[in-house]
Amino acid sequence: MVQMIIGKKGKGKTKQLLDRVNTSIKTANGNIVYIDKSSKHMLELNNKIRLIDASGYGLKNSDEFIGFILGIISQDHDLEEMYLDSFLNVAKLEGADITATIKELDSISKNFNVNFILSVSLDKDELPAELGEYIFIEM
């Protein structure tokens, strides 16, 4: 499953994401990964959640981002959820169409039984209509 928390910058998406991940770890049966563009939120995350600062991996485009995600999944067979803050930045999709990448994440989710929760700095009217089903929270 892919779920998106959407809204412009400064609307509180990161707080929603942090609250959700910290609540989720209490009942999780597997591991949880939180990917961000920096390690700024390290102290706000439960210590059982693995924080990955994507800025240190030199990702150049969305294809490399998908490879990065698959690499994480391949190393953790107990992975249950991945939270992606600043999704457009981390996935190198700022100003680009995100449809193909979201659909690819959905396919990965189904194949490997990993849920993705994304914070996306776009309003609903900026998203293609076909991605409406993935909106979880609109801010």
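The values are calculated or read from the model by the stated rules, or taken from the named source; none is laboratory data. Keep in mind that this is a model prediction, so the values were computed, not measured. Neighbour counts run over all protein chains shown; Cβ positions are idealised from the backbone, glycine included. In case anyone asks, the SASA skips ligands and DNA or RNA and just uses the protein heavy atoms, side chains included. Shrake-Rupley method; radii C 1.70, N 1.55, O 1.52, S 1.80 Å.
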Quiz item: If a residue has to be out of contact with any Asp or Glu (no Cβ under 9 Å at 6 or more places or on another chain) and either open to solvent by 10 Å² or more (accessible area, probe 1.4 Å) or farther than 19 Å from residue 124 by Cβ (or both) to count, how many in region 75-88 make the cut?
Solution: 8
Quiz item: Of the numbered conditions (1) of a type outside the set (Val, Ile, Thr); (2) over 15 Å from the mean Cα position of the chain (by Cα); (3) within 30 Å of residue 130 (Cβ to Cβ), residue 85 satisfies every one except a single condition; which is it?
Solution: (2)
Self-check item: Residue that is nearest to residue 91 (Cα to Cα), among those in region 1-37 that are in contact with a strand residue (DSSP E or B) (Cβ under 8 Å, 6 or more places away or on another chain), in a loop (DSSP other than H, G, I, E, B) and open to solvent by 40 Å² or more (accessible area, probe 1.4 Å)
Solution: 37
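Yes or no, residue by residue, for (1) farther than 20 Å from residue 1 by Cα; (2) part of a strand (DSSP E or B); (3) in contact with a strand residue (DSSP E or B) (Cβ under 7 Å, 6 or more places away or on another chain); (4) in contact (Cβ under 8 Å) with a residue 40 or more places away in the chain:
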residue	(1), (2), (3), (4)
48	yes, no, no, no
67	no, no, no, no
76	no, no, yes, yes
82	no, yes, yes, yes
89	yes, no, no, yes
92	yes, no, no, no
95	yes, no, no, no
106	no, no, yes, yes
116	no, yes, yes, yes
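One line per residue, one yes/no per condition, for (1) of a type in the set (Val, Ile, Thr); (2) closer than 16 Å to residue 117 by Cβ; (3) at pLDDT below 95:
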{"residue": "62", "(1), (2), (3)": "no, no, no"}
{"residue": "69", "(1), (2), (3)": "yes, yes, no"}
{"residue": "73", "(1), (2), (3)": "yes, yes, no"}
{"residue": "77", "(1), (2), (3)": "no, no, yes"}
{"residue": "90", "(1), (2), (3)": "yes, yes, no"}
